[in-house]
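A short worksheet on the structure shown next.
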2 protein chains.
Amino acid sequence: MVDPDSFSPRHFGDRLTTAISKKGTPLVVGIDPRVGQLPEKIKNGMDANDCESVANAFAEFGIAVIDVVKDLVPAVKPQAAFFEQLGPLGMAALAQVVDHAAAEGLIVVMDAKRGDIGSTAQAYAQAYLGTKSQTAWGCDCLTVNPYMGFDTLEPFFNTAQSNGAGLFVLCKTSNPGSDALQEQLTEGGKKIHQHVAEEIQRLCAQTQGDSGYGIVGAVVGATYPQQLVELRKQMPNSILLVPGFGAQGGTASDVAGAFDENGLGALVNSSRGIIFAYEQHRYQAQAKDDWRLAVKQATKDTIEILATGTNAGKLTKDNR
Amino acid sequence: MVDPDSFSPRHFGDRLTTAISKKGTPLVVGIDPRVGQLPEKIKNGMDANDCESVANAFAEFGIAVIDVVKDLVPAVKPQAAFFEQLGPLGMAALAQVVDHAAAEGLIVVMDAKRGDIGSTAQAYAQAYLGTKSQTAWGCDCLTVNPYMGFDTLEPFFNTAQSNGAGLFVLCKTSNPGSDALQEQLTEGGKKIHQHVAEEIQRLCAQTQGDSGYGIVGAVVGATYPQQLVELRKQMPNSILLVPGFGAQGGTASDVAGAFDENGLGALVNSSRGIIFAYEQHRYQAQAKDDWRLAVKQATKDTIEILATGTNAGKLTKDNR
């Protein structure tokens, strides 16, 4: 295995691989705040009918979660929708969360699933893909929707390449209805998500870093383990972002196929199972003292589950 | 033809059809501010390197455009990307533009092309789909991306139905590369965009209003006139949102297929051709006095082109 310390700090695939190696885990923590599930400590004094009050609570919660997990995981994934739901004040809270994660040295995966054509796609790319000195939001990467066509990925790809950032293109998503379009078998014998995978691999082959990985990742749900194995093969140079682990039903053996033989090449997301751990019976002991202790224990447990049940265990032996 | 005054003010398809009938045109003006193309009057004093300064200029520009077109067209379509590019301050400017359009009685089509699964889709729906007393952004409708599957449209559909709002689902987009996935022929003989059209029509048949139109529209590009004719037939109860007219190359005869026999059932978008009309040689006379006069003349000219070259002429005869 190549030494991650020799990887380029300006190349997204290398940066992410280095971060995964250093933290010894592929776990990314999703920051998906929901009003009804905030810890009592944060809910106290919050006015659920006032966007500003809720936005402040979301920022406080997101920042607190980051402080708990920052030494344990390589990346966090804020979900734009929950902040956007609060209007512009929610977006300001999202920016606070992103800024805090970046300041703590975490890779920020902005989960916003953007997509548009030409100069509009360019505007979204310019919004997110780069540091705070390069873009308004300052994220390391962005989830992107390919429905409009592969020409619409170009502005994202080019901006990412210029700014040392990356993309995660939706390929096979974790929801039950993802078959409606993604599993359609087309004339030449390929399924729709395989067409997307082919394009992702093409872009990764062009941008392969020292780590072997390019700058375009693929979103492939843990709820479809068979496709995960096939897509890992079809996109040898793409880092897979795997949602659906934990709360959505995916287990360690379901996500095992996402990894390469060194335990690299995948980011596995857990959101609700970690950030709302204090709601779970098994974390009541920790939650009684401090909700953050429950989040910490759940993070450690999830890292352990991934290390035991997948090749990610090879990372932990070397690096933790 | 049914009297639009009898249509339900709580049903999106009816509301939009009424607005089109009353203004006598299907033209929707896209609000896509770009730093380099703002009128001198607004650019003066703006610091292009300061997000707050640019956001203020975007709000001023968007509001001024609305004031020019509000008596002429039924709807405006702000493009979220250009505001999002400026970070949270840009989102605050977007909110100002939306609020102003709504206060002036215009239908607001939020062009944000959102899409996600389950509770995340619900958060996006709850962000946009409804009045300001129902949601943070207060828009009449939202553009939505179907790639993740038809189950992911449900939260948008249900929220729209509850709140008297609507959706425009991406079906056949106007960009050159839209064939990559949308034109793929699948096993049963249908193309991907036809699968999407089938789902849109199903949702419209369930929600047909007095106007004959349901609450789920379809985005179909003016740059594909043949598909526009076919999709009009396949989705008799869906209002088509047609981008690509004007600056992207679509002509009146290209969009003619989008209309029903009464000149209804379509919204035709023009953005750059109208909002940056002062850059065009033929509007120099107006632009010399006031950039807004150029925008006004371009709006009138575009309305006339649509009235002459499509069934929208039947509206203008009755209503203008």
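B:Ser119 meets each of the listed conditions (1) surrounded by fewer than 24 Cβ atoms within 10 Å (Cβ to Cβ); (2) in contact with a Cys (Cβ under 8 Å, 6 or more places away or on another chain) apart from (2). Counting residues in segment A:125-136 that are modelled with pLDDT of 95 or more, surrounded by 24 or more Cβ atoms within 10 Å (Cβ to Cβ), more than 15 Å from the chain's Cα centre (by Cα) and under 30 Å from A:Glu230 (Cβ atoms) gives one or more. Applying the criterion of being on the phi < 0 side of the Ramachandran plot and touching a residue at least 40 places away in the same chain (Cβ under 8 Å) to the residues of segment B:137-155, the residue that is surrounded by the fewest Cβ atoms within 10 Å (Cβ to Cβ) is B:Phe150. What residue, among those in segment B:90-108 that are assigned to a helix (DSSP H, G or I) and out of contact with any Pro (no Cβ under 8 Å at 6 or more places or on another chain), is farthest from the other protein chains (Cβ to nearest Cβ)? Filtering segment B:90-108 for residues that are assigned to a helix (DSSP H, G or I) and out of contact with any Pro (no Cβ under 8 Å at 6 or more places or on another chain), the one farthest from the other protein chains (Cβ to nearest Cβ) comes out as B:Ala103. Quick check on A:Lys41: is it closer than 21 Å to A:Thr159 by Cα and either outside any helix (DSSP H, G or I) or away from chain B (no Cβ under 14 Å) (or both)? The answer is no for A:Lys41.
The values are calculated or read from the model by the stated rules, or taken from the named source; none is laboratory data. In this text the structure is predicted, and so the values were computed from the model without any measurement. All Cβ positions, glycine included, derive from the backbone under ideal geometry; neighbour counts span all protein chains shown.
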